[in-house]
Structure formats: C-alpha cells, structure tokens
Amino acid sequence: MDKKPKIVVVGDALLTPEFLAESFSSFAAAGWDVVPFRFGPPTLHELDEQLLVLEREGPDAIPAPEGLEPLLADAELLVVHICPVSSSLLERNPQLLAVGVLRGGYENVDAAGAEKLGIPVVHTLGRTSEAVSDFTVGMMLAEMRNIARCHADIRAGGWPKEFPNTGRIPEMRELTVGIAGFGEIGRLVAKKLGGFGCRVLAYDPYVPDDAVRGAGAEPADWETLLAESDVLTLHSRHSAGSPPLLGEAEFARMKAGSYLINTARAGLVDMAALAAALRSGRLSGAALDVFDAEPLTPDHPLRGLDNVTMTSHIAFDTEAFYKRSPVLWREGMDRLFEGSDRRVWINKTPLADERIEKLKALWQAAAAKV
C-alpha cells in the first residue's frame, strides 16, 4: 500500500492546532495524513514575547517544541505559524518537500539554511494587509487629532482642550505622507490615503518606480522621504540582528515637527532615540503598535510621554485575519503551482524546484479528489 502524503501543521495560542486541522481538512478528505501539533505558551502575551525574540534573534533563539521532530520523520510538508524552524531541524528531516509559513514575515524559519538544503520556504501574502493598512491610517488620525489621549482624559474625569500639538494640528489633505516599504501593506496604505487628498511618497529599493506610481505614490529616495514627510509610516521587513532603520541620525534628518507611525516591526526603530526625539519636540508625535519589550516594562522611556499613542500589538487583529491565514497560504500555493505568481516562494533554487515539482504532483492529485 502506498504511503499517504503527510502534512504536519503547527499551531499556537493565536492559530490553534484544532483550527489548523480543520483548515486543512480538505487534505485529509483527499487522503493526506494531517497531523496537528502545538507550539508555545498558552497566552497571547507570552506568545508575543517569543515572537519578538524570534524576530530579533532568529529561529535558533527558541528551540522547536519537544515532540515535533518525531512527527516530521516521514512528513512531506511542514506548515507553521510562529513555531521556530532552524536549519538543524531541517538537516535532520531532509525528506521535507517544503516548509509553509502562515505569516508574511518568516523570521521564525531559517530560509537561508533551507535554501542550502534545497527545501522551499513558502510564506503567506496578504494575510494582514487589509487589517494593518486600516489600522495604520487609524493610528495617524488618533495621534495627530489626539483621539486616544482625549478619550483617556475624559475617562479619568477631565475635559481636555489643550494637547501637545495644539495650534499645529493638521488636516490630512495638507500632509505629505512617506511610506517606507512598498509591499502589500504599503500599497494599501497609499490607496487608502488617496481619499484624503494628501501627497504620498514611497521608498522601497526593491520596487520599480513605475510600480510605485501605478499604486498612487511618488517614488522617493531615503533622504527625501526623511526630509519631506510630515508623517512617516514604516512597512519594511526587519532581519534578525540588523540595525534599526531609524536611529538618532535619521530622526535628526526627519522633517521638524513630523510624526512617526510603526505598525510593522519593533526592530525598525531605536526606541531610546525615538523617546529623545519626542521629548525634544523634534517629532511632534508617534503612534506605535510594536515595541522592543512586550508588554512594556514599567520604566520604558515611552511610558511617560504625552505625545505618543500606543497599542498592544493588535494591528492585525480582525476576524478575517484568523479565518483567512490558511486560506491565503493555500491560494498562494495554487498560484505558485499554476505558474501565475511565484512571489510566495522566497528561496528559489534549481534543487528546490525539484521538490516544488514533487509537491505540485501531490497537491494537484489531492485537489482532484475533492
């Protein structure tokens, strides 16, 4: 009897193993062995802390959960959310045809190590794009128009009329908004800002100027983005161990009185330098959903400032986010196998291409059965 193809799906406190097993039930119906497994702590706070470590230090910073490796010994496909996948884990499971990541970011997977082994890594496009782009525009308005701090003051018994930027509160149509990183989320932010009538600049060295213009923004180099943006919003990736995109020197080059929005990665910003720029008035304000310590420590330099809006890493948190993560990943795989869109495959090599072809045959055979 032929061996059934096997997929191991690793969930966590955010996307549970039970949810992932149900999401991949069509594979089980087509004859695959679908094995759910759990990684990480039971609470979202603790899971956020582990994700922050993985983003900052890479997939070797946290060991894979005990009990996972025996399940992988005869598996063709491993699909994870936040679970770390190190090169050593992959070296001990060389039969894997691919590793799937149910996130746009793949810092928890050693993609370079997988590339050396010829194992494709396939991530998820568009999972948080709508949610985070909506939230980004909301953060701009909340900080510049003092929505959150006014609410907090009223709840505390006040009725505020004076704010850190009183006398300098802008309207969106007056602003130049700079977008650093012009991928899926950056482009949606530009599209949504179009309705406000503001000027939109975009910096991304990997995106052609024509594509930037076609998405409703003006191409800009990094120095121009810093110098001309009234609001700078970050949508870049951040590799483990890389220096921050914004530090003391960059804040000094930003337009005086501008605002910073970060709903992307905490490692993009030197938090101490940001706090100094906010205290000095170099920046009028900032709105952040990601931090170098989550939850914030009691002595964190941003806690005592009245010109910053902070949220608890919730920009992604919509009903659609939870439901669509596995769906979007499977749709990306379908496009990859059809040859219409290969962007989800992040470590293309001829050796990996052989595995993709083997997985394609199994995938399409399964699709024909359901």
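Computed values, structure above
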item	result
Residue, surrounded by the most Cβ atoms within 10 Å (Cβ to Cβ), within the stretch 224-238, restricted to residues that are touching a Lys or Arg at 6+ places or on another chain (Cβ under 7 Å) and modelled with pLDDT of 95 or more	SER229
Candidates ALA98, ALA13, ALA28, filtered to the one that is in contact (Cβ under 8 Å) with a residue 12 or more places away in the chain and more than 19 Å from the chain's Cα centre (by Cα)	ALA98
Top-ranked residue of the stretch 109-130 - restricted to ones that are touching an Asp or Glu at 6+ places or on another chain (Cβ under 7 Å) and assigned to a helix (DSSP H, G or I), ranked as most open to solvent (accessible area, probe 1.4 Å)	LEU117
Odd one out for PRO36, checked against (1) within 21 Å of the chain's Cα centre (by Cα); (2) touching a residue at least 24 places away in the same chain (Cβ under 8 Å)	(1)
Spans of helices (runs of 4 or more DSSP H) in the stretch 9-102 with at least 2 residues charged (D, E, K, R)	17-23, 44-57
Failed condition for ASP334, given (1) part of a loop (DSSP other than H, G, I, E, B); (2) open to solvent by less than 70 Å² (accessible area, probe 1.4 Å)	(1)
Of residues in the stretch 338-370 being touching a Leu at 6+ places or on another chain (Cβ under 8 Å), outside any loop (DSSP other than H, G, I, E, B) and open to solvent by less than 50 Å² (accessible area, probe 1.4 Å), the one farthest from ALA75 (Cα to Cα)	TRP345
Hey, ILE261 part of a loop (DSSP other than H, G, I, E, B) and of a type in the set (A, V, I, L, M) or not	no
Cβ-Cβ under 9 Å pairs, at least 6 apart or on other chains, the stretch 72-83 side closer than 16 Å to GLY105 by Cα and touching a residue at least 12 places away in the same chain (Cβ under 8 Å), far side open to solvent by less than 10 Å² (accessible area, probe 1.4 Å) and among the hydroxyl-bearing types (Ser, Thr, Tyr)	HIS81/SER325
Subset of the stretch 206-223 (residues that are out of contact with any Asp or Glu (no Cβ under 8 Å at 6 or more places or on another chain), modelled with pLDDT of 95 or more and either open to solvent by 40 Å² or more (accessible area, probe 1.4 Å) or closer than 16 Å to MET254 by Cβ (or both))	PRO208, ASP209, ASP210, ARG213, GLY214, GLY216, GLU218, ASP221, TRP222, GLU223
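The values are calculated or read from the model by the stated rules, or taken from the named source; none is laboratory data. All of these numbers come straight from a predicted model, not from anything done at the bench. Note that each Cβ is placed from the backbone with ideal geometry, even for glycine, and that neighbours are counted across all protein chains shown. Side chains are part of the model used for accessible areas, which takes the heavy atoms of the whole protein and leaves out ligands, DNA and RNA. Shrake-Rupley method; radii C 1.70, N 1.55, O 1.52, S 1.80 Å.
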